Amino acid sequence: AMAEALGGRRIPARSNDPDERRLMNVVEEMALAAQLPRPAVYVLDHEKSLNAFAAGRKPEDAAIGITAGALAAFDRDELQALIGHEFSHLLNGDTALNTRLIAWLHGLHAPVMAAKGMLRGEKRRFDPRSLVSWPLILGLYLIGTIGTLMGRALQAMISRQREQLADAAGGRGRDDLARQ
């Protein structure tokens, strides 16, 4: 669903396009080597950047998306490194981890949403006696804001670590990344 929402087109297992066939061969080889079912493969035809992504909570419902730019620009070895990187995300459960992190962030942001809801209620029926609730509203807002900022920082740190792990597993070490 995510790949299609981004404008992706699913590549058939037996595509006649030589670039798509090369990609499917690499994906099939990686799936065999990783002992995983072959994920659905999508190409984002209107995207000329060099990028790819993995989606799915578990390997059985996984999908890999690749931009048309990456498919056209990369040779087989580069494509293999890119797909290896995405398979690493699937094998290590990074997509499921990211989903959990997003849920935690939403929970940390809940006090902010509650404070905003209380503020909307206060504006509709302002009563000087209701000033008692303002410290509560401010407290919720501050707690939620600080929690959200800290949660986002933690998510960014985890995401960076997972990307470095996937780069190493995909055959691209720190020296390769420094050259880019």
message: Given the DSSP H assignment, sum -39500 (n - 2.57) over each helix run of at least 4 residues in the chain and divide by its residue total; what's the result at 222 nm in deg cm²/dmol, nearest 500?
response: -21500 deg cm²/dmol
- request: Could you tell me which of rounded, prolate or oblate describes the chain, using a ≥ b ≥ c as the square roots of the eigenvalues of the alpha-carbon gyration tensor, with rounded for a/c under 1.5 and, failing that, prolate when a/b is larger than b/c and oblate otherwise?
  value: prolate
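If you put +1 on each Lys and Arg Cβ and -1 on each Asp and Glu Cβ, how big is the dipole of segment 1-103 around its Cα centre, in Debye rounded to 20?
Taking the Cα centre of segment 1-103 as origin, the dipole is about 260 debye.
What's the carbon and sulfur percent of the chain's accessible surface, probe 1.4 angstrom, rounded to a whole number? The partial results should precede the final answer.
Numbers: 6600 of 11200 Å².
The nonpolar share, carbon plus sulfur, comes to 59 percent.
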task: Find the accessible area per residue for the chain; the probe is 1.4 Å, ligands and nucleic acids are left out, and the unit is Å².
output: 62
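Using +1 on the beta carbon of Lys and Arg, -1 on that of Asp and Glu, and nothing else charged, what's the dipole of the chain about the Cα centre, debye to 20? Walk me through the numbers on the way to the answer.
Values: 23 positive and 21 negative charges, 232 e Å.
Roughly 1120 debye for the chain.
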field: Rounded to 5, the percent of DSSP beta bridges in the chain classed as antiparallel
entry: 55
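If one computes P(r) from the Cα atoms of segment 1-93, what percent of pairs lie at distances over 15 Å?
Working: 2294 of 4278 pairs.
For segment 1-93, the fraction of Cα-Cα distances above 15 Å is 54 percent.
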- request: Could you tell me how many degrees, from 0 to 90 and to the nearest 10, lie between the Cα long axis of helix 18-34 and the main elongation axis, the longest principal axis, of the Cα atoms of the chain?
  value: 80
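The values are calculated or read from the model by the stated rules, or taken from the named source; none is laboratory data. All values derive from a computational prediction rather than experimental measurement. Quick reminder, even Gly has a Cβ in these numbers, built from the backbone with ideal geometry, and neighbours come from all protein chains shown. The protein model used for the area step is the full one, side chains on, heavy atoms only, and it has no ligands, DNA or RNA in it. Shrake-Rupley method; radii C 1.70, N 1.55, O 1.52, S 1.80 Å.
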